[in-house]
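The values are calculated or read from the model by the stated rules, or taken from the named source; none is laboratory data. Keep in mind it's a predicted model, so treat the numbers as computed, not measured. As a convention, Cβ positions derive from the backbone with ideal geometry for all residues, glycine included, and neighbour counts pool all protein chains shown. For accessibility, only protein heavy atoms count, side chains too; no ligands or nucleic acids. Shrake-Rupley method; radii C 1.70, N 1.55, O 1.52, S 1.80 Å.
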Amino acid sequence: MFIGRPLVTANVAFFSRPSAPEAPSLLRELPSVTDESLLTDYDGYFHYQESDSTLLLTFSAVLDNHVASLNLDLTSGKIAYRRQHGGGRKQHIAKACGLKHNWNPSILDATAGLGRDAAELRSLGCSLRMIERSPYVASLLEDAIQRARLSHAELFQTDFSLHQGQSAQMIQRLSQQQQPDIIYLDPMFPPKSKSAAVKKDMRLVKLLVGNDPDADELLPAALEHAKYRVVVKRPSYAPHLNNKKPSMSIESKGNRFDVYVLSSPEL
Ligand SMILES: C[S@@+](CC[C@H](N)C(=O)[O-])C[C@H]1O[C@@H](n2cnc3c(N)ncnc32)[C@H](O)[C@@H]1O
């Protein structure tokens, strides 16, 4: 059973090849298609793609008349570059979370998505728990986490976990010991235009999960259950989540981090 069904469910299938692994557990309810020609009946499909003798869980769909594919990698490309050259704790995300050299907070990323912000915060020394409600996105992310644990055990073997479920409810159920120092929120927000600038990866995610029209509900739950602060990432043009004014905002390229300070850690 999926926990917290996606609000918009795209018509997707799992393309099953005889030699490839079976669908991961969260995708077992999807129709299994073995004949490639039948995939055109669906908005998109999951499958395993081989790259450098590694199998990557992949979602493919037609965008602008071309097949676009999405699989996640938490350890290379942009994420690795940002880890190596990204300015460490001078980055906007680090400032928004109030990271200091002697403070490595526990962060609950309640809108995990592609896991990019979470991986970045992990590489800055924080411990991360993530929640993602879409079983589709959670499957792609779990696949990437398993690979990251093999190649970068020191970062991802511990203090980096994913739960599939509905954050507003899961946050309410946290015991006092499970309370995170920071809750981080980055819900979907409609892009200003349908221009090509809207990145392909996010268009594929949007196809799978739609918008997050209930995003405002996350803020009161987060404010009640975070110890020190709640950080909300928004496009620069978006209003404050739940129309609530933050304690401060940090502007980044095209984005803004709204920071709700609850208290300060004793360091
Ligand atoms: C914009 S993406 C997050 C991107 C992420 N920060 C990253 O770095 O890749 C938003 C994600 O939050 C998830 N989401 C939205 N509301 C949620 C909720 N109430 N509980 C759990 N996940 C949620 C959506 O399914 C979507 O995958």
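Would it be correct to say that Leu162 is among the aliphatic types (A, V, I, L, M), surrounded by 18 or more Cβ atoms within 10 Å (Cβ to Cβ) and in contact with a Phe, Trp or Tyr (Cβ under 9 Å, 6 or more places away or on another chain)?
No; evaluated as a whole, the condition is false for this residue.
Quickly run through segment 119-173 and pick out the residues that are in contact with a strand residue (DSSP E or B) (Cβ under 7 Å, 6 or more places away or on another chain), farther than 23 Å from Asp212 by Cβ and acidic (Asp, Glu).
The one that is in contact with a strand residue (DSSP E or B) (Cβ under 7 Å, 6 or more places away or on another chain), farther than 23 Å from Asp212 by Cβ and acidic (Asp, Glu): Asp159.
Quick one: what pairs do we get from segment 148-171, first residue in contact (Cβ under 8 Å) with a residue 60 or more places away in the chain, second open to solvent by 30 Å² or more (accessible area, probe 1.4 Å) and acidic (Asp, Glu), C-beta under 9 Å, 6+ apart or different chains?
Short answer, once both residue conditions are applied: Ala148/Asp73; Gln164/Glu142; Ile171/Glu224.
For segment 114-130, how many residues are surrounded by 24 or more Cβ atoms within 10 Å (Cβ to Cβ) and near the ligand (Cβ under 6 Å from one of its atoms)?
Residues meeting the conditions: 1.
Of the conditions (1) at pLDDT 95 or above; (2) within 11 Å of the ligand (Cβ to nearest atom); (3) not aliphatic (A, V, I, L, M), Ser161 clears all except one; give me its number.
Every condition holds for Ser161 apart from (2).
Of Leu218, Leu223, Leu204, which residue is near the ligand (Cβ under 10 Å from one of its atoms) and at negative phi?
Values: Leu223 fails: near the ligand (Cβ under 10 Å from one of its atoms); Leu204 fails: near the ligand (Cβ under 10 Å from one of its atoms).
Just a single option satisfies the conditions, and that option is Leu218.
So how many residues does segment 231-261 have that are in a loop (DSSP other than H, G, I, E, B) and either touching a Ser or Thr at 6+ places or on another chain (Cβ under 9 Å) or within 14 Å of Gln91 (Cα to Cα) (or both)? It would help to see each step written out before you state the result.
Going residue by residue through segment 231-261, those that are in a loop (DSSP other than H, G, I, E, B) are 236-240, 244-247, 252-254.
Filter again for either touching a Ser or Thr at 6+ places or on another chain (Cβ under 9 Å) or within 14 Å of Gln91 (Cα to Cα) (or both), leaving 236, 240, 252-254.
So the count comes out to 5.
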